[in-house]
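Novice: I'd like to ask some things about the structure below.
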């Protein structure tokens, strides 16, 4: 069977979709790839020239490292894969400068990037509140890297899935106990008894409280082992659509490399 994707919700940063006719292994592969195998740009080193704020240099550096940066996966490569051998070049590195003096709140939007296409994904992330006379002058060096090496490179911030629920009602006596027990309020009494209509089945959490409430065993709750409801969010390094596509491409590339290795044996 051909794998199917049914988009339920899609925005710039989040998506919800149903992945059908596939295995749990593939579904988990998409989740893992989105979290750890899609490379992104993130601040790794900070050259501090002046810091008279209340934050120690190390604390400031940790804050900066978790600011998501918009990433062009076609233009940049991870440091370990770059031809510069880690020396740092425009193919794997971007410099961002920050110069601020209080009194003011310093935000991520105050950075000045050496590449206009690479900017903080959110301009209003607070970095530090500078008081009168306090200064921060620094240069931040962003490199491409992978989420499996450090959380700073994790583009997927909320990636999860569950099996598609399957709920069957047989010979319902319309006592409505299952209706009151359902925590999602998705069971209704219809012409043929209890039922779940439309997309409400997607809200089922497989708690089986309805099964326990039914005294005549008229309800059966199970899972479709080959269909999965996905929710995914991006930190802004990529749009969620780009994140999903890059995750799938990562799995494909790994499969191709595996075939090449096996063919060489």
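Novice: Using 7 Å Cα-to-Cβ label points, what is the residue 208/residue 104 separation (nm, one decimal)?
Specialist: 6.0 nm
Novice: Give me the Å³ per residue figure for the convex hull around the C-alpha atoms of segment 40-153.
Specialist: Residue-normalised Cα hull volume stands at 91 Å³.
Novice: Within segment 146-175, which residues have the backbone N less than 14 Å from the label spot 7 Å out from residue 241 along Cα→beta-carbon, could you tell me?
Specialist: No residue qualifies, since no backbone N sits under 14 Å from the label point.
Novice: While we're on this one: Need the full-extension length gain, residue 75 to residue 265, defined as separation in residues times 0.36 nm minus the C-alpha distance. One decimal, nm. All intermediate terms of the calculation are to be shown ahead of the outcome.
Specialist: Working: separation 190, 0.36 × 190 = 68.40 nm, distance 3.39 nm.
Full-extension gain reported as 65.0 nm.
Novice: Project the alpha carbons of the chain onto their principal axes and report the range along each, largest first, in whole Å.
Specialist: 76, 61, 25
Novice: Quick one: if the Förster radius is 30 Å, what FRET efficiency do residue 148 and residue 47 give, using the C-beta to C-beta distance and rounding to 0.05?
Specialist: Efficiency for this residue pair is about 0.65.
Novice: Additional query: For helix 240-264, what angle does its Cα long axis make with the longest principal axis of the chain, in degrees from 0 to 90 and rounded to 10?
Specialist: In the chain, helix 240-264 runs at an angle near 90 degrees to the longest axis.
Novice: Another one. On a full-extension model of 0.36 nm per residue, what is the gain between residue 56 and residue 173, subtracting their alpha-carbon distance, rounded to one decimal in nm?
Specialist: In short, 35.3 nm is gained.
Novice: Residues of segment 14-47 with the amide nitrogen closer than 11 Å to a label point 7 Å from the Cα of residue 224, along Cα-to-Cβ, please.
Specialist: Output list for this probe position: 18-22.
Coordinate-derived values only; no laboratory data. No experiment lies behind these values; they were computed from the predicted model shown. Using ideal geometry, Cβ is built from the backbone for each residue, glycine included, and neighbour counts are taken over all protein chains shown.
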